[in-house]
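Q: The structure is given below, and queries will be raised subsequently.
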Amino acid sequence: MKKLPLAPIQRQSENTLSLINIVFLMLIFFLVAGQLAPPLDKSVTMIDSEDAPPVPPPHALVVRADGSLHYMGEPITVEEFLLRRPETTAAAVSAVSEDGVAAPNEALRIIADKDTQAVTLLDVVADLQKAGAGRMTIVTARSK
């Protein structure tokens, strides 16, 4: 009996290199995208709430427990905040009044420290309204 030589079975190679490249690119993208938002002020403990809708907190006015105002880690006044915040863009500049106060129809985010007294927070809100700020939102942390 004569044996015939069998041709070796050729398996198709699976090209996983392209899959690894795609996963690596996604990883890099999410690492960069996660760093775009500036971190919150570490000296502020946010207020807890149970039914708060998720809102991103960057570019918010921070009211510390002692009543001082901070924006992007720097002390600031109400008037300076209304001029420096990113919502005062080229589209909103036309809505800025002659004295440099931002348009009253723009939403404004406020992060208050958990230990801030309500009277202090109300004074800040009143100062913002006097300066021309319109709608305001207080950013809270969702309690678990």
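Q: Among what's in region 8-33 and is modelled with pLDDT under 85 and among the β-branched types (Val, Ile, Thr), pick the residue that is farthest from the chain's Cα centre (by Cα).
A: Ile9
Q: Might you let me know whether region 99-111 holds any residue that is under 26 Å from Gly34 (Cβ atoms), at pLDDT 85 or above and not charged (D, E, K, R)?
A: The answer is yes; a qualifying residue exists.
Q: Are any of the residues in region 35-53 in contact with a Ser or Thr (Cβ under 7 Å, 6 or more places away or on another chain), in a loop (DSSP other than H, G, I, E, B) and at pLDDT below 70?
A: Yes, the conditions are met somewhere in region 35-53.
The values are calculated or read from the model by the stated rules, or taken from the named source; none is laboratory data. Not measured: the values here are computed from a predicted model. Counting neighbours? That spans all protein chains shown, and the Cβs are built from the backbone with ideal geometry, glycine included.
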